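Here the structure is laid out as structure tokens; the discussion comes afterwards.
The values are calculated or read from the model by the stated rules, or taken from the named source; none is laboratory data. In this text the structure is predicted, and so the values were computed from the model without any measurement. Heads up, the Cβs are rebuilt from the backbone with ideal geometry, glycines too, and the neighbour counts pull from every protein chain shown. For accessibility, only protein heavy atoms count, side chains too; no ligands or nucleic acids. Shrake-Rupley method; radii C 1.70, N 1.55, O 1.52, S 1.80 Å.
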Amino acid sequence: MEKPKMIYLNPLTVRIWHWIHATGIATLCITGAQIRFPEYINLFGYRTAVLIHDFTGIFVCLDWLLWFFYYVFIDKSLIKLYVPNMYDLKTGIIKQMLFYGFNYFKGKPNPHHCTPDNKFNPMQKGAYLMIMLTLVPIILVSGLLLLLITQKWMVFLGGVKIVIGLHFLVACCFAAFLFVHMYLATLGHTFWAHIITMITGWEEEVEDH
Amino acid sequence: MVLKAKFLIICIFGFMMLVAGIGINSSSAMETDDCLECHGDLSNFDEGDERLYVDGTQFAGTKHAEDGCGSCHSVTDDHPDDGVVPEKESCDMCHEDTVDELSKGLHAGNAECTDCHNPHADRGLKSPGESCGMCHEEAVEEYLNSHHAANAVCSDCHSPHTVMSYLETSGFEKNKQCTTCHENAGHSEWLLRNKLHMQATTCISCHTDSKGIVITMYIEKREDIKPDKEGEIDLATYQDLTQLVGDKGVQSLIDTNGDGSITTAELKEFNMNSKYKSVGLWGMLSTKTASHSYGIFEDRRDCSFCHAAGPKAMQTCYVAFPNQDGTYSRVPVEEGAVLDPLFATADFYMVGSTRNDIVSILGLLIIAGGLGAACLHGTFRILTRKNRRKH
């Protein structure tokens, strides 16, 4: 039997970053839910939930900085990997949407082929760009404001309620993203293919996916 | 001739002074020792008249003893045979400012000096049970049963002369009474965001078993707010607010229609009005009732005691306006105003409890959208799995 061709998609730094981020966001979502709805959710005790939320928030902040510096200054591939190019915008996104919406069910192949230089399909590029450069900074900055500074600071931003409302709604976007992301991770050529890639770094190159 | 006239005037004046002197003497002729001869012996008084007894030894140690009985009680040499009931003591002859203060407070007409003070005893403040407890029986009984009673009497926290009611006093003023003794009670060893909690809660909310949550919004000055980490709350005075609204009355700052209550719309209008940028609302949590059962309640260390109270417990809110005399008048705010998502009480948010339901629903819909999309796609994925096997 011919050995499948393997490509090295995710270097160790990226994998470490990814799993810290994944567990961090999941922890923040769970503790955040308890902090907002304490009369319905009580997993740790309120004080513990706040402490875990604070600590994890700082950790995810640092992890985001690791991601940013790695892709901008070390790998220098932020724009190449995350910013959709003209092809992506004109036809790539539509093809990818058609694939997920219809062609996948018909059994047609994925129009996007992963390579180390082109890891993300056009839809992923748009989503990740939005998440990593807009939503993550918003939630981290609002979280830091709520963590470190008294309500007086919020006066300059229109009040603490704007900050807290924004923080909560963006957090909900992350929770929604988690479900979609986890589901899409199972859409590789096998159920575990993409998940194994994010653990080992290697992905089996398959023609029709 | 002129000399004779002057001499005559001096003689008349001298005579008048002599007569006046005799008059004064005649009304307070008795010396303290004379008084104590009778009043210092309890057996001289029938049952019910014990109040007329004065402990001579105790009285001798008082400052009042230097002035003598006659300085407060006017009697004649024939007392008690003259049948004249001596006039009541008049503290204002010496303690004019204090009596004046008392006459302006809540106690005026309700309590006299001697209800709380025993002028015949050294440090003559009566015990809580004998003074405040005569009227405030329930509160004193509650207080005497608390651990606090061993360390402070009523007047250590309440000023009995400039009496202000619970509602007329700001939360900050209430807390000041506590920090007089408990100055280092920052709670930093266990309470997260402890300084913020101290600024947004009254001590008695946690350290008594007072019931019900009330949020009182105070108007603070914001001209000097710098984006520093910590800041003190600088409450606007009556004069500060008068400068903003002129002679319309300070309440018109927010209660624009003057109906004695504040709607959510009026709060928003105030918060959005650039004319009032120099002031803002600072919310403080207190309780509906004020109990005197001081102590440390372990359940208050559980943050969920307040934070899991839920939005339903956060309905009652007031705006406290400063009065000219330093007291505060509370104006009720429309129920649930503190739950407004944005501008009604833009700077008051109690995590967990003052969440806005619409924002919560919107957030949950976003999550449901993500979960639903995954579930929907997964369902079609299962239904169409045969198609993919073919390829």
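Summary of values
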read-out: Yes/no for B:Asp97 being acidic (Asp, Glu) and assigned to a loop (DSSP other than H, G, I, E, B); value: no
read-out: Helices (runs of 4 or more DSSP H) completely within the stretch B:152-207 that count 3 or more residues being more than 16 Å from the chain's Cα centre (by Cα); value: B:194-200
read-out: Residues (touching a His at 6+ places or on another chain (Cβ under 7 Å) and either under 14 Å from B:Ser304 (Cβ atoms) or assigned to a loop (DSSP other than H, G, I, E, B) (or both)) located in the stretch A:19-51; value: A:Thr31, A:Ile35, A:Pro38, A:Tyr46
read-out: Some residue of the stretch B:374-387 being part of a loop (DSSP other than H, G, I, E, B), within 8 Å of another protein chain (Cβ to nearest Cβ) and farther than 30 Å from A:Tyr104 by Cα; value: no
read-out: Identity of the residue in the stretch B:158-173, open to solvent by less than 40 Å² (accessible area, probe 1.4 Å) and modelled with pLDDT of 85 or more, that ends up farthest from B:Pro322 (Cα to Cα); value: B:Gly171
read-out: Some residue of the stretch B:300-313 being modelled with pLDDT of 90 or more, assigned to a helix (DSSP H, G or I) and within 10 Å of another protein chain (Cβ to nearest Cβ); value: yes
read-out: Residue within the stretch B:111-125 that is in contact (Cβ under 8 Å) with a residue 40 or more places away in the chain and among the hydroxyl-bearing types (Ser, Thr, Tyr) present; value: no
read-out: Qualifying residue in the stretch A:106-121 (condition: among the basic types (Lys, Arg), more than 7 Å from chain B (Cβ to nearest Cβ), open to solvent by less than 40 Å² (accessible area, probe 1.4 Å) and assigned to a helix (DSSP H, G or I)); value: no
read-out: Some residue of the stretch B:345-358 being out of contact with any Ser or Thr (no Cβ under 7 Å at 6 or more places or on another chain), of a type in the set (Gly, Ala, Ser), facing chain A (nearest Cβ under 7 Å) and within 30 Å of A:Val180 (Cα to Cα); value: yes
read-out: Those residues of the stretch B:85-94 which are assigned to a loop (DSSP other than H, G, I, E, B) and open to solvent by 90 Å² or more (accessible area, probe 1.4 Å), in sequence order; value: B:Val85, B:Glu87, B:Lys88, B:Cys94
read-out: B:Ser291 farther than 23 Å from B:Glu220 by Cβ, more than 8 Å from every other protein chain (Cβ to nearest Cβ), open to solvent by less than 20 Å² (accessible area, probe 1.4 Å) and of a type in the set (Ser, Thr, Tyr); value: yes
read-out: Only one of B:Gly133, B:Gly124 that is farther than 24 Å from B:Gly68 by Cα and either outside the structural domain of B:His292 (by TED's automatic domain parsing) or of a type in the set (Gly, Ala, Ser) (or both); value: B:Gly133
read-out: Boolean, A:Thr150 is at pLDDT below 90 and within 14 Å of chain B (Cβ to nearest Cβ); value: yes
read-out: Test for B:Val319: is it more than 12 Å from chain A (Cβ to nearest Cβ) and either assigned to a loop (DSSP other than H, G, I, E, B) or open to solvent by less than 50 Å² (accessible area, probe 1.4 Å) (or both); value: yes
read-out: Subset of the stretch B:139-194 that is without any contact (Cβ under 8 Å) to a residue 40 or more places away in the chain and β-branched (Val, Ile, Thr) - its residue that is farthest from B:Ser127 (Cα to Cα); value: B:Thr179
